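So the structure is just underneath, and the comments pick up after that.
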Amino acid sequence: MPSEFETVITDQTQYGTIITTQGAAMIAQCILEGKKLPIVEAAAGDADGAYYQPTVDQTALKGEKWRGQIVSATLNSNTPNMLDVKIVIGEDVGGFTIREMALFDSDGNMIAICNTPATEKVMLSGNVSGKLTMLMHLLVADASVLEFTITPSLDTVTRQEMDAALEASLSNKAPLNTTLCFKSNIAAEMDMNDFIENGVYNLMFGSDVPQISNLPGDYGNRAGVCIVAKSSQLLISYGDKSRAVSAMWARVRYIINSTENWTDWQRLATTGAPEEYNLPFASGWEATLLKCAYWKNQFGEVGLTFAARTTAEVKTNSAIVTLPSGFRPTAQTPVQGALWYVDSHIVGMAEIVPNGTILYTGKNNLPAGSVLIISGSFLAASFPAASY
């Protein structure tokens, strides 16, 4: 089986990949027997300090400096039977210049080798990432015969890369009231990895709150606002139930091996408890002995909690309370809690409209003596997009 060479010429210097003699023989044998040839490792070296063209009889690199797992192996979209093999050399390895790479099977046989333009591999230094990603193009008669063992988790994103992605994604700062509209409350078992549609989502606390997976830190019994911006990152702020502290976290969506992934959560900021204000109830409602207050933290997240009692019959879609300017949502925002009336205990429904009015939206009118308990949070309409 003839070896094939994928060549790049730069300044009259040739770079490319060849299948070694033993590699070609093993591939041919696997094709005849209908088997797979397992490719499990890659290596990189400095070629003993000088450029050279690999030969088919080589069984090792001239100056191997690193050996490790393969991140991905995908078919090239432009060239049939060409595989793009990706490796990532970690931050803890460095101090040399890469001029050669190779692939090895499960028995340690070198199947393919390539030379590369001189590429410096540094180690992590200060805040500069030392991670290096290299791509090896492998052309074979039948790419399906090669079976790669890959480790996609090696293709991580650094904090610097995440910050750069956030900055790039958010550089086009359109007003929140046109791009980040309220979407929904989290009212079912959810995975945060599935939140990719632009918008604002409420995370609520309470005994009936469903399990929400892939949240930062110890979410526990907390509430807050989930913000998805331009479908490229997810930003969340939430506080503990007592509002003694709130935190803002961020992460970025990226793609590995044609699969979407998220970076780890990064805490961006923490704030103490905001000042609380008493709720001015409308006629027909009064505060109970439980807390009835609203507040806004430095992230622009407005929260409220109240247990209000009706002093007379209250009709559906009537006002409970009106929030002042600066504490109002961009769009109509539903909130829910618990409702006791006529010896019944059901879900209590309310909506906050952009003029700050909180409306009772239950199906039935409420008799005097009913108690409505509501807790929720949302993003204030006055919150500047530039903060993101």
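Any residue in region 94-118 that is closer than 14 Å to residue 45 by Cβ and in contact (Cβ under 8 Å) with a residue 12 or more places away in the chain sitting within a Cβ distance under 6 Å of a residue that is acidic (Asp, Glu) and in a loop (DSSP other than H, G, I, E, B)? List the pairs, counting only those 6 or more apart or interchain. Close Cβ pairs (under 6 Å, with a partner that is acidic (Asp, Glu) and in a loop (DSSP other than H, G, I, E, B)) amount to 96/46; 97/46; 99/46. For region 79-122, residues that are open to solvent by less than 20 Å² (accessible area, probe 1.4 Å) and either charged (D, E, K, R) or under 31 Å from the mean Cα position of the chain (by Cα) (or both) total 9.
Here 288, 305 are screened, and the one residue that is over 16 Å from residue 379 (Cα atoms) and in contact with a Lys or Arg (Cβ under 7 Å, 6 or more places away or on another chain) is 288. How many residues are open to solvent by 30 Å² or more (accessible area, probe 1.4 Å), assigned to a loop (DSSP other than H, G, I, E, B), in contact with a Gly (Cβ under 9 Å, 6 or more places away or on another chain) and of a type outside the set (A, V, I, L, M) if we restrict to region 264-275? Result for region 264-275: 1. Among the residues of region 1-24, those that are at pLDDT 85 or above and open to solvent by less than 60 Å² (accessible area, probe 1.4 Å) comprise 16, 17, 18, 19, 20, 22, 23, 24. Residue count for region 124-138, restricted to those that are closer than 16 Å to residue 72 by Cα and either of a type in the set (S, T, N, Q) or modelled with pLDDT of 85 or more (or both): 6. For region 59-73, the tally of residues that are closer than 12 Å to residue 99 by Cβ and basic (Lys, Arg) stands at 2.
If you take the residues in region 25-43 that are open to solvent by less than 10 Å² (accessible area, probe 1.4 Å) and within 23 Å of residue 79 (Cβ to Cβ), which one is modelled with the lowest pLDDT? It comes out as 27. Of the residues that make up region 331-349, is at least one at pLDDT 85 or above and open to solvent by less than 30 Å² (accessible area, probe 1.4 Å)? The answer is no; no qualifying residue exists. If you go through region 53-78 and keep only what is open to solvent by less than 40 Å² (accessible area, probe 1.4 Å), within 21 Å of residue 109 (Cβ to Cβ) and not hydrophobic (A, V, I, L, M, F, W, C), you end up with 54, 58, 63, 68.
Pairs please, first residue from region 319-332 and on the phi > 0 side of the Ramachandran plot, second anywhere and open to solvent by less than 50 Å² (accessible area, probe 1.4 Å), Cβ atoms under 9 Å, 6+ apart in sequence or on different chains. Going by the 9 Å Cβ cut-off, the qualifying pairs are 326/302; 326/380.
Taking residue 250, is it part of a strand (DSSP E or B), modelled with pLDDT under 90, of a type in the set (Gly, Ala, Ser) and farther than 27 Å from residue 350 by Cα? Spell out the reasoning first.
Values: part of a strand (DSSP E or B): yes; modelled with pLDDT under 90: yes; of a type in the set (Gly, Ala, Ser): yes; farther than 27 Å from residue 350 by Cα: yes.
Answer is yes for this residue.
The values are calculated or read from the model by the stated rules, or taken from the named source; none is laboratory data. All figures in this text were calculated on a predicted structure; none of them were measured in a lab. Heads up, the Cβs are rebuilt from the backbone with ideal geometry, glycines too, and the neighbour counts pull from every protein chain shown. We work out accessible area using only protein heavy atoms, side chains counted, and drop any ligands, DNA or RNA first. Shrake-Rupley method; radii C 1.70, N 1.55, O 1.52, S 1.80 Å.
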